[in-house]
Amino acid sequence: MEYQPKSSKGKAWGDPCGQPVLCVHGIQDNAGTFDHLIPLLPRIFHYVSIDLPGHGLSSHFPAGVPLNFMNYVYSLVRVLNHLQWEDCCYMSHSLGSQLGIYLAALWPERIKKLILIDSLAPMYVSPNEFLPFNRRLLDVIMTNEEKFANNKSPTYTYSEALDRLISNRRSLITEDAGRTMLIRSLVKNEDGSYSFSTDQRLKIGLRPMVTSKQQLQILNALQCPILLLASDIQALENWRPMKAAYEVYNKKQNFQRFNVDGNHDVHINSPEKIASHITKFLMNQKSSL
């Protein structure tokens, strides 16, 4: 059963009295990313899927300020406080997983379980790259701010918007999945055309300003059971920036991982391929806290 919470910035399913599960989408996606998956999961849980700031129906961070990874982590704490949840399980995809890792490390008492779909950890910044990386980033931000300030948002027909959403993704999604994502990502204009509601600053990307050693400190602080579902775990394991992170996870007794048949968006393209893993994890895995 799906129902709408009081705020339109999220969606909810299941038993309102059940164990809460916060569901957080990837970058430039929205709460609809779990529309195909959650109906396949146990109804005894209370699932709430949110639109992160600048996504879907949520408001944007103020103009003129660069987007900050930790502000997004903080927004999740505010969501938990608003929902009056002392703790919850956390299910996420891509950027949502990266934010959840930091949330669970900083507030371990509030996250009972972590479900990570196709993301191991955010990218870090090497110490010798810190200055040039930030210079390039801020230059791009200023250039894009000028571009966005002087131009109206592009408009599309519905079919054009659907084609743009599908063709611009890092992995292929089905047309049905694309239509689901558009429900919360499009704004209809007075002339009948459509514009995307997503904060254009997100096109630059989002990562924490931490070194590899600092990120390993974050990962080592994780205490809750963790489930990783990825389309190519071996590639993650062998990718140099993530190799040390994967080694930290592998040392944890409460870490589970499964290769799944699909791509980065398997959760919305073929949710049946991961639903059984998530169900078993939610029902059986106990937190060490």
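The values are calculated or read from the model by the stated rules, or taken from the named source; none is laboratory data. Just so it is clear, the structure is predicted and the values come from calculations on it, not from any experiment. Here Cβ is always computed from backbone atoms with ideal geometry, including for glycine, and neighbour counts include all displayed protein chains. Side chains included, ligands, DNA and RNA excluded: accessible areas come from the protein's heavy atoms. Shrake-Rupley method; radii C 1.70, N 1.55, O 1.52, S 1.80 Å.
Which of rounded, prolate, oblate describes region 1-143, given a ≥ b ≥ c as roots of the alpha-carbon gyration tensor eigenvalues and a/c under 1.5 marking rounded, otherwise prolate only if a/b is larger than b/c?
Prolate, since a/c reaches 1.5 and a/b exceeds b/c.
Could you check what % of the DSSP bridge pairs in region 175-289 are antiparallel, to the nearest 5?
Rounded to the nearest five, the antiparallel share is 40 percent.
Taking a probe of 1.4 angstrom, what is the accessible area of Trp107 in Å², to the nearest 10?
80 Å²
With every protein chain left in place, what is the accessible area of Cys17 in Å² (1.4 Å probe, nearest 10)?
About 120 Å², ignoring ligands and nucleic acids.
Nearest 20 debye, what's the magnitude of the dipole of region 231-276 about its Cα centre given +1 on Lys and Arg Cβ and -1 on Asp and Glu Cβ?
Rounded to the nearest 20 debye, it is 300 debye.
Please report the relative contact order for region 138-289, taking Cα pairs under 8 Å with a sequence separation of at least 6, and give it as a percent rounded to a whole number.
Here the relative contact order equals 23 percent.
With the calculation restricted to Cα positions, what are the radius of gyration and Dmax of region 123-183 in angstrom?
Values for region 123-183 (Cα only, Rg and Dmax): 17.0, 46 Å.
Among Arg201, Arg257, Arg170, which one shows the biggest mean-square fluctuation in a GNM of the chain, springs joining Cα atoms closer than 10 Å?
Top of the fluctuation ranking is Arg170.
At 1.4 Å probe size, with every protein chain present, just tell me what the per residue accessible area of region 11-127 comes to in Å².
It amounts to 34 Å² per residue over region 11-127.
Can you send over the carbon and sulfur percentage of the accessible area for the chain, probe radius 1.4 Å, protein chains only?
C and S atoms contribute 51 percent here.
Among Ser126, Asn81, Ile183, which residue has its Cα positioned farthest towards the positive end of the charge dipole of the chain, with +1 placed on the Cβ of Lys and Arg, -1 on the Cβ of Asp and Glu, and the dipole taken about the Cα centre?
Sorting the options by dipole projection puts first Ser126.
Which whole-number percent gives the relative contact order of the chain, counting Cα pairs below 8 Å spaced six or more residues apart?
Computed over the chain, the figure is 22 percent.
Please work out the Kirkwood hydrodynamic radius for the chain, using every pair of different C-alpha atoms, and report it in angstroms with one decimal place.
Averaging 1/r across every pair of different Cα atoms and inverting gives 19.7 Å.
For region 161-219, what is the accessible area per residue in Å², given a 1.4 Å probe and the full set of protein chains?
55 Å²
Run lengths n ≥ 4 of DSSP H only: what is the helix-derived mean residue ellipticity at 222 nm for the chain, with -39500 (n - 2.57) per run over all residues, to the nearest 500?
-12000 deg cm²/dmol
Going by the alpha-carbon gyration tensor, a ≥ b ≥ c the square roots of its eigenvalues, is region 130-289 rounded (a/c under 1.5) or, if a/c is not under 1.5, prolate (a/b greater than b/c) versus oblate?
oblate
Where does each of Glu160, Glu272 land when they are ordered by accessible area, with a 1.4 Å probe and the largest first?
From most accessible down to least: Glu272, Glu160.
Nothing charged except the Cβ atoms of Lys and Arg (+1) and of Asp and Glu (-1): what's the magnitude of the dipole of the chain about its Cα centre? Round to the nearest 20 debye.
680 debye
Of Leu182, Leu103, Leu83, which is the most mobile in a GNM of the chain whose springs link Cα atoms less than 10 angstrom apart?
Its mean-square fluctuation being the largest, the pick is Leu83.
Given the options Asn238, Asn71, Asn220, state which has the largest fluctuation in a GNM of the chain using a 10 Å cut-off (strictly under) for Cα springs.
Result for the chain, Cα springs under 10 Å: Asn238 fluctuates most.
Counting only the heavy atoms of the protein chains, how much of Val73 is accessible to a 1.4 Å probe, in Å² to the nearest 10?
0 Å²
Just want the answer: with Cβ charges of +1 for Lys and Arg and -1 for Asp and Glu, which residue in His277, Leu172, Leu41 is farthest toward the dipole's positive end in the chain?
It is His277.
With an 8 Å Cα cut-off and a minimum separation of 6 or more residues, compute the relative contact order for region 1-108 in percent.
This gives 31 percent for region 1-108.
As a test, work out the antiparallel percent of DSSP beta bridges whose residues both lie in region 106-231, rounded to the nearest 5.
Of the beta bridges lying entirely in region 106-231, close to 50 percent run antiparallel.
If you count the DSSP beta bridges with both ends in the chain, what percent of them are antiparallel, to the nearest 5?
30 percent
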